[in-house]
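Colleague: Supplied in C-alpha cells, the structure appears directly below.
The values are calculated or read from the model by the stated rules, or taken from the named source; none is laboratory data. Treat the numbers as computed from the prediction; the structure is a model and nothing was measured. Methodologically, a virtual Cβ is constructed for each residue, glycine included, from the backbone with ideal geometry; neighbour enumeration extends over all protein chains shown. Surface accessibility is based on the protein's heavy atoms, side chains included, excluding ligands, DNA and RNA. Shrake-Rupley method; radii C 1.70, N 1.55, O 1.52, S 1.80 Å.
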Amino acid sequence: MTASGRTVTASELATRVLEPEDFVADTEAFVDVRIERSKGKASYSFVGPGVSQNADQHISIAEPHGFNVGAATMPHGIYNNAHLHYTPEVFICTKGDWRIDIGRKREQSVELSPDTIFSAPTWVFRGFENTGPDDGFLFVVLGGDDTGGIIWEPEVLREAAETGMYLGRDNSLVDGRNGDVPSDVLQPLSDAQLAGIDSYTTDELDERLVRPDGLCWTSAGLLSTVLGPQHSVELAPVIGYGLSQDRRSRPPICTPHGFAVEWLRANPGASTGLHRHDDSQVVLLVDGDWEVALNEPAQEVSTRPVMGSLASIPASAWRDLRNIGTSPARAVIVTGGDSPSRVEWPAQTLVRAADAGFGLDAAGYVAPLELLGTGS
C-alpha cells in the first residue's frame, strides 16, 4: 500500500451520505414561489448553498467542493421561471420528463427524460417545467463554490411583486405580504441592460444535451479493469475528463465547467477497486445496490445507501465503489476540476496490473507494459 491518504471516520462518512429520506425540501428558495404557475416547486441544497435566495435554507453538506450539488422537484405542469446563471448549471434527470426553455421568451427548448444530462449555457435565461405525469426529480450541479447568484427575467420580478415577494439589494428574499411595500429592493432590469446577454442556436443547445444513446462507454476507463471480472466496470464521459484512464475517451461536452461529469456502470459483484485522487467528488447513486467503502483495508468504513442517494468523498481519501447487488448498477460521478484526475492505485494493484501486462504511462493512461519506458 502507498502512503496513507485522508482517513475518514465512520461518523464523518455518515454525514457525507444523503439518502432520499434525508433530503430537506425548501419551498421558499426563490422569489417566484408564490406565482400561480410555480406553486409547489421545491429546491434542495445538498452540497453548498447553490443559488438559493432563502436566508433560512438548509444546506446538507457545507464543505466547499469547488462545485455545488442540489436538486429540484415539482408536480406536473409546474414551472420554474426564467433566470440567468453566471456559472455552469448541469441538469441530471433521474425521474420524470422535463422541458428546459432557453431565452427570455422561451425561444428554444430541449426535452429531458430519465438518464439525460443537459448543460445549460451561462449568461442565457432558462426556465423548466415538469412535463411528465408525476412528480419528477432533477439533480443540479453548479460551477464554483460561489455561484454569484442569479438574475431574474424582468417580468418574473414584476409578477412576484404582485404576490408580495421581492429581492433585497443583497438578493435575499423580502416578504411584503403585510402590505408594506419595501422601498429598497431590486428593480427589474431594462431591455437595454439585457441586450448583451448571450444566445445559442438550436444545434448548439443540442450539443449540450447528452442522451443515453449518445454515451460512449469504455471498459478500459480504470486500470483495475485489467485485473479481471471482479472489476468489470465501465465509464462514459459526459462533461470534461474526470477519472477515465482510457486515452481514447472523449467527452461529448469539453467546455470548462470547473467539474467533470461521467457515468459509472458496474456488473453484479464488481467494484472500481481501491483508488484515490486529489479532487473533491460527489457520487449520485442512480440505481442498483451500491456499497461505498473508504480508507485503506485496515481502517475501512463503508455504507450501503439506498438507490437515489448521494455520497461526498473528500479529496485524497481511498475509496472503492462496489456493486453488491444481482443486477448492473449505475451512478453519476461529479469530480472537481477541469483537468483529468490523476488516479492513484495501491502498490499491489500496480503489481497485479503489471503481471497482466499493463501499467500507466506518464500522462496517467492505461498502456501495454511492453511499450512503457521504451522511449527513454
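Colleague: Just from its helices, what would the mean residue ellipticity at 222 nm be for the chain, if runs of 4 or more DSSP H residues each count -39500 (n - 2.57) and the sum is divided by every residue, rounded to the nearest 500 deg cm²/dmol?
Modeller: Dividing the helical sum by the residues of the chain leaves -2000 deg cm²/dmol.
Colleague: For labels at residue 219 and residue 131 in the simple 7 Å Cα→Cβ model, what's the distance in nm?
Modeller: 3.6
Colleague: At 4 °C and 1.567 mPa s, what whole-number value in µm²/s does Stokes-Einstein give for the translational diffusion of region 259-376, with Rh from the Kirkwood sum over Cα pairs?
Modeller: Once the numbers are plugged in, D ends up at 84 µm²/s.
Colleague: Using the Karplus curve 6.51 cos²θ - 1.76 cosθ + 1.60 with θ = phi - 60°, what ³J(HN,Hα) values do you get for each residue of region 78-89, in whole Hz, with x for Gly and Pro?
Modeller: 7, 10, 9, 6, 5, 8, 10, 10, 8, 10, x, 10
Colleague: Between residue 211 and residue 302, what is the label-to-label distance in nm when each label sits 7 Å out along the Cα-to-Cβ direction?
Modeller: Label at residue 211, label at residue 302, 3.8 nm between them.
Colleague: Moving to a separate point now. Report in % the part of the accessible area of region 30-116 that belongs to carbon and sulfur, leaving out ligands and nucleic acids; probe 1.4 Å.
Modeller: Percent of accessible area from carbon and sulfur atoms in region 30-116: 50.
Colleague: With the contact rule set at Cα under 8 Å and sequence spacing of 6 or more, what percent relative contact order holds for region 84-197?
Modeller: Value for region 84-197: 27 percent.
Colleague: From the backbone phi of region 201-212, what are the Karplus-calculated ³J(HN,Hα) couplings (6.51 cos²θ - 1.76 cosθ + 1.60, θ = phi - 60°) in whole Hz, Gly and Pro given as x?
Modeller: 7, 4, 5, 5, 5, 5, 5, 9, 10, 10, 8, x
Colleague: Another one. Averaged per residue, what accessible area in Å² does the chain show with a 1.4 Å probe, protein chains only?
Modeller: The answer is 42 Å² per residue.
Colleague: Here is a follow-up. Note the direction-averaged projected area, equal to a quarter of the hull surface, for the Cα convex hull of region 94-241, in nm².
Modeller: In nm², the orientation-averaged hull projection of region 94-241 is 13.0.
Colleague: Then there's this: Tell me, Kirkwood radius of the chain from alpha-carbon pair distances, in Å?
Modeller: With all distinct Cα pairs of the chain included, I get 21.9 Å.
Colleague: With a cap of 16 neighbouring Cβ atoms within 10 Å, and only residues DSSP puts in a loop, list the chymotrypsin sites (Phe, Trp or Tyr not before Pro) found in region 100-184.
Modeller: 123
Colleague: Go ahead and collect, in residue order, the members of region 56-70 whose backbone nitrogen is under 13 Å from a label point 7 Å along the Cα-Cβ direction of residue 21.
Modeller: Of the residues in region 56-70, none has backbone N under 13 Å from the label point off residue 21.
Colleague: Something else about it: At 0.36 nm per residue, and after removing the present C-alpha to C-alpha distance, how many nm does the segment from residue 107 to residue 250 gain when stretched out fully?
Modeller: Computed gain between residue 107 and residue 250 is 48.4 nm.
Colleague: A follow-up question, please. Would you work out what percent of the accessible area of region 125-172, with all protein chains in place, is carbon or sulfur (probe 1.4 Å)?
Modeller: 44
Colleague: Counting each pair of different Cα atoms once, what's the Kirkwood radius of region 169-226 in Å, rounded to one decimal?
Modeller: 17.7
Colleague: Divide the volume of the convex hull of the Cα atoms of region 3-107 by its number of residues and quote the answer in cubic angstrom per residue.
Modeller: In region 3-107, the Cα convex hull volume per residue is 147 Å³.
Colleague: Round to a whole number: what % of the accessible area of region 206-260 belongs to carbon and sulfur, probe 1.4 Å?
Modeller: 51
Colleague: Then there's this: Work out the length of the dipole vector of region 205-348 about its Cα centre, built from +1 on the beta-carbon of each Lys and Arg and -1 on the beta-carbon of each Asp and Glu, and round it to the nearest 20 debye.
Modeller: With only Lys, Arg, Asp and Glu charged at Cβ, the dipole is about 160 debye.
Colleague: Continuing with the same structure: Say each of residue 37 and residue 348 gets a label point 7 Å from the Cα, pointing the same way as Cα to Cβ; how far apart are those two points in nm?
Modeller: Modelled inter-label distance: 6.0 nm.
Colleague: If the chain between residue 361 and residue 155 were fully stretched, how many nm would it gain, using 0.36 nm times the residue separation less the Cα-Cα distance?
Modeller: 68.6 nm
Colleague: Label region 240-298 by shape, choosing from rounded, prolate and oblate, from the square roots a ≥ b ≥ c of the eigenvalues of the Cα gyration tensor; if a/c is under 1.5 it is rounded, and otherwise prolate applies when a/b is larger than b/c, oblate when it is not.
Modeller: Prolate, since a/c reaches 1.5 and a/b exceeds b/c.
Colleague: Sticking with this structure for a sec: Between region 286-313 and region 171-244, what is the separation of their alpha carbon centroids in Å?
Modeller: Between the Cα centre of region 286-313 and that of region 171-244, the gap is 25 Å.
Colleague: Also: Which whole-Hz couplings ³J(HN,Hα) result when phi for each residue of region 229-243 is put into the Karplus expression 6.51 cos²θ - 1.76 cosθ + 1.60, θ = phi - 60°, listed in order with x for Gly and Pro?
Modeller: x, 5, 10, 7, 10, 10, 10, 9, x, 10, 10, x, 9, x, 8
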